[in-house]
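Accompanying notes for the structure given below.
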Amino acid sequence: MGKVIHFLFCILISNSIVSLAQQDCSSYNFRNNEIYATCVSLPVQNSMLHWNYHPTNGTVDVVYRHTGVSTSTWVAWALNLNGSGMLGAQALVALPNSNGSVQGYTSAVTSYGTGLQQSPLNFAVPAIRAERVNGDVLIHATLVLPGGRTNFNQVWQSGPVSNGAPGAHPLGSENRNSLGTVDFITGQTGAGAAVGGSLLHRRNTHGVLNAVSWGILMPMGAMVARYVKVFKVANPAWFYIHIACQATAYGVGVAGWGTGLKLGSDSEGIKYTSHRNIGITLFVLGTLQVFALLLRPKPDNIYRKYWNIYHGGVGYTVIILAIINVFKGLDILDPEKKWKHAYIGVLISLGAIAAILEAFTWFIVLNRKEEKQVNGAHGANGYGRSHDQAA
């Protein structure tokens, strides 16, 4: 009996939540006493969609409402006739003007580097206007649905205004998940897969390649050079391990750098200046390290100490810049928090190992220095000679 009551209670709670969500959408009062038969609360970005479908002529009067929008933010809602994401979307855009008004217009998205320029859509839009009401932005439009269809993929988005034009929207989880389906007859909507497609896949590939190479392998190679070589038994193996780590890191890093260049060329209008500049700097310094290896003086050369200073200085600079740029890249991609936490965990682990090895290295170095001083003192007072003669 208790289980039955618990089950009925859960149903009551869930129905109440659904009812409250519907009420939040349907209780909105439009200006001019406009009434819309159907409305849905979209799952992310505080957005709602209201509409009246007219089966006699295959049109729909639609209002996209985005709540809590600042005066420096554009919003857009779109139907995608053939795809499910941004590319190919037929958008209704609301762009704030400097005088506080909001301009509504149409824009067909033909590339990932779109600036949402005004352009006609693949279907007729006899009327469109936008307004701001109590912090909400509303786009009103009449759409002539193409081919007698009523079920479509939909996309909605928002982003900053830059120099009076729409700028690139963020890549956070809400932005990547601002898509789904809508049926103007049944009123049903559904969620879609995260936005991004091949472009997002290439961004993730770029991030993984660079995080593993510059952000993990490079520090590991530097640790080998600093700590493993103090063990006499590890000579010259430490050198080849160091070279293997750094060469692998450089090769994988160049691949990641190349994907970054390609992403930049395919994302016109989307710029991450500091991330790009640090990446270019890393590539240049990494390449200089490769050439420095080829020009390395012999150990007894008088210029070897200067080469060591240069090589170490550039190496540690690369590691610091690489870690900074990995975090910049994570902020741009904005993946699930676990990935950032995982990288922080790797850095903490490497730092802890480095601290232990640093202390152990100093212990060995000071021990050897003390032994050398003792042996030198014995040799100076004749102990060494008498010992040799006895032998």
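Relative contact order of the range 100-191, taken over Cα pairs closer than 8 Å and 6 or more residues apart, is 20 percent. Taken over the C-alpha atoms, the range 295-341 has Rg and Dmax values of 17.6, 52 angstrom.
Principal axis extents of the Cα atoms in the range 233-284, from largest to smallest and rounded to whole angstrom, are 55, 17, 12. Taking Cβ atoms as reference points and 11 Å as the exclusive limit, the residues near H50 contribute a net charge of -1, counting Lys and Arg as +1 and Asp and Glu as -1.
Taking 25 Å as R0, compute the FRET efficiency from the Cβ-Cβ separation of S70 and T273 and round it to 0.05.
0.60
For a 30 Å ceiling on Cα separation, which of these pairs sit above it: K232/K298; K298/K328; K262/K298; K229/K328; K232/K340; K305/K328? Walk me through the intermediate numbers first.
Working: K232/K298 19 Å; K298/K328 39 Å; K262/K298 40 Å; K229/K328 33 Å; K232/K340 38 Å; K305/K328 35 Å.
Violating the 30 Å limit, Cα to Cα: K298/K328; K262/K298; K229/K328; K232/K340; K305/K328.
With semi-axes defined as the square roots of five times the eigenvalues of the C-alpha gyration tensor, the equivalent ellipsoid of the range 208-366 measures 31, 20, 12 Å, largest first. Peptides 290-301, 93-104, 203-214 ranked from most to least packed by the mean count of surrounding Cβ atoms within 10 Å: 203-214, 93-104, 290-301. The Cβ shell under 11 Å around H275 holds other residues with a net charge of +2, Lys and Arg each +1, Asp and Glu each -1. H201 exposes around 120 Å² of accessible area when a 1.4 Å probe is run over every protein chain in place. Other residues lying with their Cβ under 15 Å from the Cβ of L321 contribute a combined charge of +2, Lys and Arg counting +1, Asp and Glu -1.
The values are calculated or read from the model by the stated rules, or taken from the named source; none is laboratory data. Keep in mind it's a predicted model, so treat the numbers as computed, not measured. Using ideal geometry, Cβ is built from the backbone for each residue, glycine included, and neighbour counts are taken over all protein chains shown. These accessible areas exclude ligands, DNA and RNA; they are computed on the full protein's heavy atoms, side chains included. Shrake-Rupley method; radii C 1.70, N 1.55, O 1.52, S 1.80 Å.
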